[in-house]
Amino acid sequence: MALVSEFLGQLTLQLGGGDPTYPTVVPEQNFDPDKDAARIETAIKTKGVDEQTIIDVLTKRTYNQRREVAFAYERRAKKDMISALKGALSGSLEAVMLGLMKSTAQYDASEIKASIKGLGTDEESLIEIVCSRSNAELMEIKQVYKELFKKDLEKDVAGDTSGDFSKLLLALVQAKRAEPSSVVDYQKIDEDARALYEAGVKRKGTDVKSWISIMSERSVPHLQKVFERYKSYSPYDMQESIRKEVKGDLEKSFLTLVQCFENKQLYFANRLQDAMKSKGAKEKVLTRIMVSRCEVDLKKIRQEFKAHHGKSLYQTIAEHTKGDYQRVLLSLCGGDD
């Protein structure tokens, strides 16, 4: 039986006709929300808090299952589980656990809100989320953002960014990207490749508007072919061209887009590697990627990480983190490669 459930866990899950997913957190087969809620209640009441039990339960349940546990907890304890977790946990472990109690779209929306709240924008977080999410994900983020904060995501992004950087983010947030087609339009591929070249490397000064419209409106499979074709016009590939033509946040955004079009999981693997390169991990980045991708494609990110960085994600996390934070991330990671 264990083998069967392990095999089911290995399967790629297809969600509502969208992209296939490669989660490390899959539904618990013998799920009993009442039993889980009782374990969490005991763990929170224990003198000194039993963090390990909280980690064991919540990182091995999907978001929908965690919600059921929260409902069961409220029935038992007559109080809200999220408030109880806030009171019992602190620091990095608390950040991960509270993140797991949100849906992926709610988590993304609140991370965007945090990145544009108060003085100074956290452009890096904003770029990572907006430039790496699909049309369907962005539509859901916008809807959830409105529900949570009673504001339009477009208005908040526009109010907090400026220039071409702002125009690119707004074009992406509008989610006008074409859906993939089974028909390959070679003429359109050629036209777009030439247009990208003529708007950038070929001329003095970059026609950023053309770059924005092509990169925010074409389907991902189409753009992959455009970048391939682009090499027949330009002496540089698309990423090199971006580095030569634009700078700052606009450069980072275009590079993130192209990297995600070419291999999204490798993009995240590289982000994780960068976050753990220096002494003391960049916990914010690490937490966000592990929480936001564990039910989407973390298994595939793990494969890309091992293939490109020579060491498993599991081992790298083990080396660069410690304590409860390390334990919760390793549990989400779902195994060593």
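Worth pointing out:
- Database remark: amide H of residue 237 closer than 5 angstrom to no amide H (H placed geometrically; neighbours at sequence offset of 5 or more, or on other chains; Pro and chain starts carry no H).
- Counting only Cβ charges, +1 for Lys and Arg and -1 for Asp and Glu, the dipole size of the stretch 30-89 around its Cα centre is about 140 debye.
- Distance in nm between pseudo-label sites at residue 183 and residue 236 (7 Å out along the Cβ direction from Cα): 3.5
- Cα-based reach from residue 150 at 20 Å (exclusive), listing lysines while leaving out same-chain residues under 8 positions away: 102, 113, 117, 142
- With a Förster radius of 45 Å applied to the C-beta separation of residue 307 and residue 191, the computed FRET efficiency comes to 0.85.
- For residue 323, net neighbour charge (Lys/Arg +1, Asp/Glu -1) across residues whose Cβ lies under 14 Å away: -3
- Aspartates and glutamates whose Cα lies under 20 Å from that of residue 35, excluding same-chain neighbours fewer than 8 positions away: 50, 51, 56, 68, 74, 80
- Accessible surface comparison of 240, 295, probe 1.4 Å, protein chains only, largest first: the order is 240, 295.
- Only the Cβ atoms of Lys and Arg (+1) and of Asp and Glu (-1) were treated as charged; on that basis the dipole of the stretch 264-333 about its Cα centre amounts to roughly 120 debye.
- Length gained when the stretch residue 80-residue 315 is fully extended (0.36 nm per residue, less Cα-Cα span): 81.1 nm
- In a fully extended conformation the segment linking residue 336 and residue 158 would gain 59.9 nm over its present Cα-Cα distance, using 0.36 nm per residue.
- Sequence-ordered 3J(HN,Hα) estimates for the stretch 27-43 from the Karplus curve with 6.51, -1.76 and 1.60 and θ = phi - 60° stand at x, 6, 5, 9, 7, 9, x, 5, 5, 4, 4, 5, 4, 5, 4, 4, 4 Hz, glycine and proline given as x.
- Net charge in the neighbourhood of residue 212 (other residues with Cβ under 14 Å of its Cβ; Lys, Arg +1, Asp, Glu -1) is -2.
- GNM on the chain, alpha-carbon springs under 10 angstrom: the most fluctuating residue among 181, 234, 115 is 181.
- Derived scalar couplings between HN and Hα for the stretch 120-135 equal x, 9, 8, 4, 4, 5, 4, 4, 4, 6, 5, 7, 10, 8, 6, 3 Hz in order, rounded to whole Hz, by the Karplus curve 6.51 cos²θ - 1.76 cosθ + 1.60 (θ = phi - 60°), x for Gly and Pro.
- DSSP-loop trypsin sites (Lys or Arg not before Pro) across the stretch 19-90, with at most 14 other Cβ within 10 angstrom: 47, 78, 79
- Using a cutoff of 8 angstrom between alpha carbon atoms and counting only pairs six or more residues apart, the relative contact order for the stretch 186-262 works out to 34 percent.
- The residue list 49, 103, 189 was ranked by how far each Cα lies along the charge dipole of the chain toward its positive end, using unit charges on Cβ atoms, and 49 comes out on top.
- Between the Cα long axis of helix 323-333 and the first principal axis of the chain there is an angle of about 60°, rounded to the nearest 10.
- Sum of -39500 (n - 2.57) over DSSP H runs of 4+, divided by residues of the chain (222 nm, nearest 500): -21500 deg cm²/dmol
- Among 155, 113, 284, the largest mean-square fluctuation in a Gaussian network model of the chain, built with springs joining Cα atoms closer than 10 Å, belongs to 155.
- Taking 31 Å as the limit for the C-alpha separation, the pairs 155/231; 188/299; 188/252; 231/279; 45/151 exceed it in the case of 155/231; 188/299; 231/279; 45/151.
- Normalising the average separation of contacting C-alpha pairs (under 8 angstrom, six or more residues apart) by the number of residues puts the relative contact order of the chain at 19 percent.
- Per-residue HN-Hα couplings for the stretch 272-289 [Karplus 6.51, -1.76, 1.60; θ = phi - 60°; Hz; x = Gly/Pro]: 5, 4, 4, 5, 10, 5, 7, 5, x, 5, 6, 5, 4, 5, 4, 4, 4, 5
- Residue 24 accessible area, assembled protein chains, probe 1.4 Å, Å²: 20
- Largest-first ordering by accessible area, 1.4 Å probe, given options 144, 220: 220, 144
The values are calculated or read from the model by the stated rules, or taken from the named source; none is laboratory data. Only a predicted model underlies this, so the values are computations on that prediction, with no experimental measurement involved. Don't worry about glycine lacking a Cβ; one is built from the backbone with ideal geometry, like all the others, and counts go over all protein chains shown. What goes into the accessible areas is simple: the full protein's heavy atoms, side chains included, and nothing from ligands, DNA or RNA. Shrake-Rupley method; radii C 1.70, N 1.55, O 1.52, S 1.80 Å.
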